[in-house]
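One structure is given here, and the rest of the page talks about it.
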Amino acid sequence: MSAVVDSHGHGHEHHHDHHGGYSGIMRWITTTNHKDIGTLYLWFSFIMFLVGGAMAMVIRLELFSPGLQWVNPDFFNQMTTMHGLIMVFGAIMPAFVGFANWLIPMQIGAPDMAFARMNNWSFWILPFAASLLVISFFMPGGAPGVGWTMYAPLTVQMGIGMDFTIFAVHLLGMSSIMGSINIITTILNLRAPGMTLMRMPLFCWTWLITAYLLVAAMPVLAGAVTMTLTDRHFGTSFFNAAGGGDPVLYQHIFWFFGHPEVYIIALPAFGVISQVIPAFSRKPLFGYASMVYATSAIAILSFIVWAHHMYTVGMPVTGQLFFMYATTLIAVPTGVKVFNWVATMWKGALSFETPMLFAIGFLFLFTLGGFTGLVLSLAAVDIQLHDTYYVVAHFHYVMAIGAVFAGFAGIYFWLPKWTGRMYDEKLGKWHFWLSTIFINMTFFVQHFSGLAGMPRRVPDYPLMFETWNKISSIGAFGFGLSQFLFLYIVLKAIRSGEKAKDKQWEGADSLEWTHLPSPAPYHSFETQPVIK
Amino acid sequence: MLLRLSTVAVLMFGFGFAMVPFYDQICAALGVNSLVPIERAAAKNTQINRARTVSVEFDANSHDLPWRFRPLVRHLNVHPGELAVIEYEVVNARSHAVTGQAVPSYGPARAAEYFKKVECFCFEQQTLAGGEVRRMPVVFVVDPSLPKDIHTVTLSYTFFEVAGRGGRS
């Protein structure tokens, strides 16, 4: 099985590989290599994860006790807004694009991405977009405090920081669209002979579908923020009621993008989990074809459920019923996926290394977040829970735990392939248990404060919510600190980790494990392998 | 491939804007989201119910505004369905022009939807020159479908000064 075709890239020979014409920093700026760009994406997203995380710490610090202690309400609102924007667009999305860059060419037997120079471009737009977001804090009036959803009419009234955010969103959108075009073309045109679509690893499938979602949804967001921009400066009245516009229209356009966005974040995470669970169960993925169809079904349904985010805007009951039924329908393909993952583990020869622990943690906690999603999808219930901490708990279970745990699982899983070195298994397990305990401390109690009626995006709260908020804050600080352990583990692996085997995980069966050495050589599959 | 996918992206950007007229059409077709609900725009039954008498009381306040504002009659008995006219008087005590907006409220609150104002000074902003005295009419009909247990309706106006956007002069 572990046929090594390329003798390059064992240990230090890695550095003898051809890295293009430049060295040092210029190598990274000019690189068109999918592995370099994947690495850039991953480091960028980790830095953004820490920046967004620091903002979450400010939020939890202020909410540690009732009353206003540390920050004023304006700054608090800026923190919640920027935490959301940075985590969604700066941390989670680039992290999975990083995975895509690293893995898709290796998994389908392609030498590189289809448009290598555009690939370089789509990464290097990101630091500029992130800088625009951060610069907005130093503008008169500060960063926008409008919430990550950027609802009108507040956005029309904000200071100049809002314009910076709008342009940042434009840049982030362009970056994702270029990245997606690249991924679709790579998967459709550069597969190795014999690698039919239905033989691709599921990670490639979920990314193919995600990329289509991105191409369809991101431009709609760009349109929404462009309308906000022209309302602000060019005298249009898309959302300005005084000029005949309608703020609720913004919500419709935003969520038409916003709901597919949720799956843009979740589907690549599903892909990672679908690689990790079979590897540590030593069984092929159960129900591969049904996984593909379920993923497609989720993607298609995601475009017709957007208004379940806005049951309280005063839409007709018929509208509420339609969006409610469509939303609950999504539970079916998602249920198929969860069933298949569990069935993959059923009677498998399981072992519990760190990637598998994170994958099982994902499975358990993501499903929990899915259940609260089902509760919120019911229009009658949602009217009570709308904009409470119950919603905060729900989307952090699927995103902050779901997507992030899948990201950790993927990094521990592929780190040996990427760096040629193993991480410290014992510390990895510590990282898992600390993260799991603290993140549940943070978010589980928020279900209770939400059910009791604590509103989100408010820096102060009545005394009766104090205990829950104290527990939540302590959990958040713990989770935040645990991530420095993760950084240490990764750095330690890169510097002094044990040498990894070419096929580090005996159950892994995709091309990067079976056909390439560890670390993967700088240029792989220059001659495409033939898949029998 | 690059071209085709970019076209999709551009089309979807256009789709975002296409949602604007689309949304207006849907709202108009379904009658949602309009400030004057279609079926309630006019009193349904214009027949005067002489068997019933409703007492309407008038009240006037001004909020942080140096205007003397009062109804010329404090109280009126009307039959449901009957067109009634009363007048309010407002005096600007300041020496310069001031713009105000009157906001109506009703007691009991559920009487609001049965109280149809045909003409009212609260429909638009009022600008009074310094020291000006103005009499302003209110023409209204109490809808005959007013619940049986409501015998008295209070109509109360509060004048607010219009600040900002060309208001404070």
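The values are calculated or read from the model by the stated rules, or taken from the named source; none is laboratory data. What you are looking at is a predicted structure, and each value in this text was computed from that prediction instead of being measured. Note: ideal-geometry Cβ built from the backbone for every residue, glycine included; neighbour counts use all protein chains shown. SASA here: full protein model, heavy atoms, side chains in, ligands and nucleic acids out. Shrake-Rupley method; radii C 1.70, N 1.55, O 1.52, S 1.80 Å.
Within segment A:234-273, the chymotrypsin sites (Phe, Trp or Tyr not before Pro) that combine a DSSP coil assignment with at most 11 other C-beta atoms in a 10 angstrom radius are A:Phe234.
Accessible area per residue for chain A, computed on protein heavy atoms with a 1.4 Å probe, is 37 Å². Restricting the chymotrypsin sites (Phe, Trp or Tyr not before Pro) of segment A:334-363 to loop positions (DSSP other than H, G, I, E, B) with no more than 15 neighbouring Cβ atoms within 10 Å leaves A:Trp346, A:Phe352. Computed with a 1.4 angstrom probe on protein heavy atoms, the A-B interface buries about 1800 square angstrom of accessible area in total.
A DSSP coil position with no more than 12 other Cβ atoms inside 10 Å describes the following GluC sites (Glu not before Pro) in segment B:76-169: B:Glu124. So, with a 1.4 angstrom probe, what is the percent of accessible area on the protein assembly as shown that is carbon and sulfur? Using a 1.4 Å probe with all protein chains present, the protein assembly as shown comes out at 66 percent carbon and sulfur. Sorted from greatest to least, the principal axis extents spanned by the alpha carbons of segment B:54-161 come out as 48, 21, 21 Å. Would you tally the net charge around A:Ala500, using a Cβ to Cβ cut-off of less than 11 Å, leaving A:Ala500 out, and scoring K and R as +1, D and E as -1? Around A:Ala500, the surrounding residues sum to +3.
Which residue, B:Asp24, B:Asp64, B:Asp143, tops the fluctuation ranking in a GNM of chain B built on C-alpha contacts under 10 Å? Most flexible of the set in this elastic network: B:Asp24. Placing B:His151, A:His308, B:His63 in order of accessible area, with the largest value first and a 1.4 Å probe, yields B:His151, B:His63, A:His308. Candidate cross-link partners of A:Lys426 among the aspartates and glutamates, defined by an alpha-carbon separation under 16 Å and a same-chain spacing of 8 or more, comprise A:Glu353, A:Glu498. In this simple spin-label approximation, B:Glu124 and A:His233 carry label points 7 Å from Cα along the Cα→Cβ vector, and these lie 3.6 nm apart.
Please find the FRET efficiency linking A:Ser496 to A:Phe138, where r is the Cβ-Cβ separation and R0 is fixed at 51 Å, and quote it to the nearest 0.05. For R0 = 51 Å, the calculated efficiency reads 0.80. When the P(r) of chain A is calculated, the portion above 36 Å amounts to 30% of the C-alpha pairs. Dividing the C-alpha radius of gyration of segment A:226-293 by 2.2 N^0.38 Å, with N its residue count, gives 1.94.
A helix-only calculation puts the protein assembly as shown at -18000 deg cm²/dmol for mean residue ellipticity at 222 nm, using -39500 (n - 2.57) for each DSSP H run of at least four residues, averaged over all residues.
The label point for A:Leu50 and the one for B:Ala97, both projected 7 Å from the Cα toward the Cβ, are 6.2 nm apart. Summing +1 for each Lys or Arg and -1 for each Asp or Glu among the other residues whose beta-carbon sits under 12 angstrom from that of A:Leu68 gives -3.
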